[in-house]
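Working notes for the structure below.
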Amino acid sequence: MNVELQAQTTINNNIATLTSHNFLCSPVEKKQYNFETTVSQANQKIKLLVYFGKKGVKTIFQGNAKSVLYQEVYEIVTGKYSFDFMQEKEQLYTDYIGTDETGKGDYFGPLVVCAMYVDIKAIEKLQKFGVKDSKELSDIQINKIAKTIRKDYPDNFKIILISPKKYNELYKSFQNVNKLLDWTHSKAIEDLLSQVETKTVITDQFSKKDLRISNQNNFSHIDFLQMPRAEEHTGVAAASILARNAMNNWFTKKEQDGFKLPKGASAQVKETAKILFQKYGKEELTNFVKLHFKTTTQIINEISNNRM
């Protein structure tokens, strides 16, 4: 039985067992690397995912690990009656490279991708540092944790920071954000694989297509996994922190140069960009923003209308 069929059989068996315990299960959905179902009871829901790949079949639970539903489903599926959620998740992979990006939704600033290698010892230590999804941390916390990671694990990560000017040049070639992300993630992974060895790479999912690097023959022994909410894995969370820290540093440097730039894609962002455009022109704006955003067209149209 091949691993995909084995995974399908596993999730079907799990659904049958859960249904017999009066849980509701949605029809099975087949994704690129897994089968999944939503398990619900009363007002609670969690997801049950069965992944298939070169390393076999893995069952993963997504949802509130402290909820009654989560623990009941976990106990029924695994037969285990006590567990630490993060440790259980990490036990699936004894070592791996985790990758994440930041900046793709920000009009100002760079696109940053980080690849971080971790093993069991590093995972335990990083958790003690307070490593978790960077979206749950303040910039002060991110910068503090990133400093510690850089100090204790200087050879365990690779960061690719694409400045706005370089980003705009690359976008002209790729004409697609996901293709640009694929290229950047693949480069960060390949650079890190030149100094570490692992058989697993976990990437926070940004596309349904395989990473470019996964199709290279010299990496055929590696299991490349793309999954939503991958920051639940410590290595991916650490990568997200390092990426965010690198972006924070870029904004800090610009502020030191006299340009206080807002993050995100708010009305304040648009107004700041308009001021820069009026003062320096579009040519200079390319050093600060991602030009393909619709904000650029809106700014140009508004300024043109005001001049009429």
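We did not get these values from a lab; they are worked out from the coordinates using the rules stated. Computed from a predicted structure; not experimentally measured.
A compact table of results
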| item | result |
| --- | --- |
| Unsatisfied cross-links (Cα-Cα over 19 Å) in the set 47/199; 165/209; 254/279 | 47/199; 165/209 |
| Between 0 and 90°, nearest 10: helix 3-20 axis offset from the chain longest Cα axis | 70 |
| Once the Cα gyration tensor of the chain is diagonalised, semi-axes √(5λ) in Å | 39, 22, 20 |
| Distant-in-sequence amide H partners of residue 100 (H built 1.01 Å from N, under 5 Å) | 114 |
| Cross-link pairs 55/172; 31/135; 187/253 - those with Cα-Cα distance over 28 Å | 55/172 |
| Per-residue HN-Hα couplings for the range 262-276 [Karplus 6.51, -1.76, 1.60; θ = phi - 60°; Hz; x = Gly/Pro] | x, 8, x, 8, 8, 5, 5, 4, 4, 5, 5, 5, 4, 4, 5 |
